[in-house]
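Presented below is the structure to which this report refers.
Please treat every number below as a calculation from the coordinates, not as lab data. It should be emphasised that the depicted structure is a prediction, and the values quoted were computed from it without experimental measurement. For neighbour counting, all protein chains shown are included, and Cβ atoms are generated from backbone atoms with ideal geometry for every residue, glycine included.
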Amino acid sequence: MSAEVIKKASELAQAIAESEELANFRAAEAKLRLDPEAMQLLNEVQRLQQMAQMSQTPEAMQQLEEAFNKFAENPIGKEYLEANQKFSQMLETVNALLQEAIEGPKQHGHGCSGCSGCSF
């Protein structure tokens with residue numbers, strides 16, 4: 001194993017651990033755990049998620065969507081979801097950079113939506 005690669009991976013891990021995105025996510029998660037109403041809403045979303053995965057009926061999906069919307073409307077739930085999204089986006093960007101470095105840039109034409117590698 002290349003010592004330089006391991007060193008850079010360790011530096012990346014440390015940078016992620018010290019990132020504002022992770023700090024904000026952890027703070028939002030801690031607030032969520034301390035709020036009984038938000039936790040109840042999240043637990044309901046998770047319960048309905050399991051049911052929807054098992055049954056895959058339109059009714060189950062509708063119940064899940066309604067429960068998720070209630071959670072997202074809760075101020076603590078909204079803060080948690082936003083912090084989670086920002087942290088996840090950072091990790092996705094890191095993964096995309098690693099993948100591009102390993103595989104090379106993707107070849108594509110115009111019209112791609114949301115592609116961070118497209119300069120058009």
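For percent of Cα pairs over 16 Å apart, the choices are (1) 68; (2) 73; (3) 61; which was calculated from the structure? Derived directly from the coordinates: (2).
Converting phi to 3J(HN,Hα) with the Karplus coefficients 6.51, -1.76 and 1.60 and the offset θ = phi - 60°, the stretch 12-24 yields 4, 4, 5, 4, 5, 4, 9, 5, 4, 4, 5, 4, 5 Hz in sequence order, with x at every glycine or proline. For the chain, what is the mean residue ellipticity at 222 nm derived from helices alone (per DSSP H run of n ≥ 4: -39500 (n - 2.57); sum divided by total residues; nearest 500 deg cm²/dmol)? Roughly -27000 deg cm²/dmol at 222 nm, from the helical runs in the chain. Let me check against my output: what whole-number percent is the relative contact order of the chain, with C-alpha pairs under 8 Å and at least 6 apart? Taking the mean separation of contacting Cα pairs over the length of the chain, I get 25 percent. With a cut-off of 17 Å, note down the residues of the stretch 90-104 whose backbone N falls inside the zone around a label point 7 Å from the Cα of Glu4 toward its beta carbon. Residues passing the 17 Å test: 101-102. Residues considered: Lys70, Lys106, Lys78. Largest GNM mean-square fluctuation over the chain, using C-alpha springs under 10 Å, is found at Lys106.
Extension gain for the segment Met61 to Gln89, taken as residue separation times 0.36 nm less the Cα-Cα distance, is 7.6 nm to one decimal.
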